[in-house]
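Just so it is clear, none of the values below were taken in a lab; they were calculated from the coordinates. Remember, it's a predicted structure, so these values are computed and weren't measured experimentally. Because the Cβ atoms are built from the backbone with ideal geometry, glycine has one as well, and the counts that use them run over all protein chains shown.
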Amino acid sequence: MKIESHPDYPEQLASGSTVLQDGNAIYEERSASNIENFVGTTRVPVGLAGPVVVHGDQAKGTFYIPMATTEGTLVASTSRGMKVMNECGGVRVKVVRNGGIQRAPVFEFDTIDDAFEFTQSINDDWSWLVPIMESTTSHGKVIDIHAWQLGRIVCVRMTMDPGDASGQNMVSISGQRGTEEILKRYPSIVHSRMGGGISGEKVPSSIGTLLGRGKAVTASITIDGDVMQRITRADIAEIPRHQQNVPILQCWLAARPLTTVSPTHLWQCTSHAGRTLPRRSRVAGPTTISSMTPKKAHFDGTCTYPLSRPARSAAAPGCPHSGNASN
């Protein structure tokens, strides 16, 4: 039964006259494969931050960053941070790792000996799985397959490069096909599950941090103290004290792990100079001050994109943003 046929379906939606339903004829067919029980669309204000000068291996030049937000001053503070970067010569960025997208099926055996033999077999040679998994897609390529044994249970982490796609569904289909062939090849398997918890899909994963997931991008910039003071009114000599205090206070008062300060924490004290990436696309990694003088500081920070590229819908009309996550 369609949802609109339900007796408790809201009268306002049934009338088709709500703000949500403006322009439904345009979007309903286009979004059919992206959402269920479609009732309408919403609009979020989009502002342009920038420009920002980027020195990347692929992305070279001046860019504007579209930001969809209702948080006042966010676009302005981001633009101010970009102004600091521009007056210091721009930011050097580089893709340092392509971690791919993972699926991690689990296999259970009767004995630890069977589990050990299976683990050794997969790790010694998984090349036979490559053509099987890649037969389900015209874009995805197998990067790595590795098995870990825990007692009678073995988890196999399958990693694929999805190309320009986000890749979740692609890798799920390929992983399922690979799992089916594994079950045929190893009759000693007594149970299997498609999810083992180490793929990093929608959950935090230390193994994803160590071995990679998505694109990892490193940015580097030297900021002049006079530029920082003039544009943001921040004293660059105070940054090390902020870097020391924030993680300690978080550990003590907020019960958060004591870790190296993240780009968000460090750059907030410089009027959000680090907010040049959409929040949903950035996983905070360690930021280091590799050199420091009373007049100048050099910053190195690494961010990870969970997806292979930002969503196309994030680009505003007329923006020189191709959706390529190369830089």
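Skipping prolines and chain starts, which residues have an amide H placed within reach, meaning under 5 Å, of the one on Gly195, given they are 5 or more residues away or on another chain?
Val106
Can you tell me the length gained on complete extension of the stretch Ser220 to Gln58, counting 0.36 nm per residue apart and subtracting the Cα distance?
Separation in residues times 0.36 nm, less the Cα-Cα distance, equals 56.7 nm.
List Phe116, Phe107 from most exposed to least, where exposure is judged by having the fewest other Cβ atoms within 10 Å.
Numbers: Phe116 14, Phe107 27.
The most exposed by this proxy come first: Phe116, Phe107.
Quick one: which of 167-173, 68-74, 56-62 comes out on top by average Cβ neighbours within 10 Å, and what's the full order, highest first?
167-173, 56-62, 68-74
Could you list Trp128, Trp148 so that the one with the fewest beta carbons within 10 Å of its beta carbon is first and the one with the most is last?
Trp128, Trp148
What is the calculated FRET efficiency for Asp125 to Ala32, with r their C-beta to C-beta distance and R₀ = 45 Å, to the nearest 0.05?
It comes out at approximately 0.60.
Using θ = phi - 60° and the Karplus form 6.51 cos²θ - 1.76 cosθ + 1.60, what ³J(HN,Hα) does each residue of the range 91-96 get, whole Hz, x for Gly and Pro?
10, 8, 10, 7, 6, 9
Loop only per DSSP, at most 15 neighbouring Cβ atoms within 10 Å: give me the trypsin sites (Lys or Arg not before Pro) in the range 95-202, ordered by residue number.
Sparse-neighbourhood loop trypsin sites (Lys or Arg not before Pro): Lys202.
Karplus couplings for the range 200-213 from phi (6.51 cos²θ - 1.76 cosθ + 1.60, θ = phi - 60°), rounded to Hz, Gly and Pro as x?
Computed from phi, the couplings for the range 200-213 are x, 7, 6, 9, x, 8, 5, 5, x, 5, 6, 9, x, 7 Hz.
Across the range 122-127, in residue order, what do the Karplus-derived ³J(HN,Hα) couplings come to in whole Hz, using 6.51 cos²θ - 1.76 cosθ + 1.60 with θ = phi - 60° and x for Gly and Pro?
Values, residue by residue: 5, 5, 6, 7, 10, 4 Hz.
Strictly over 31 Å apart at the Cα level, which of Lys94/Lys296; Lys141/Lys202; Lys83/Lys141 would you flag in this model?
Lys83/Lys141
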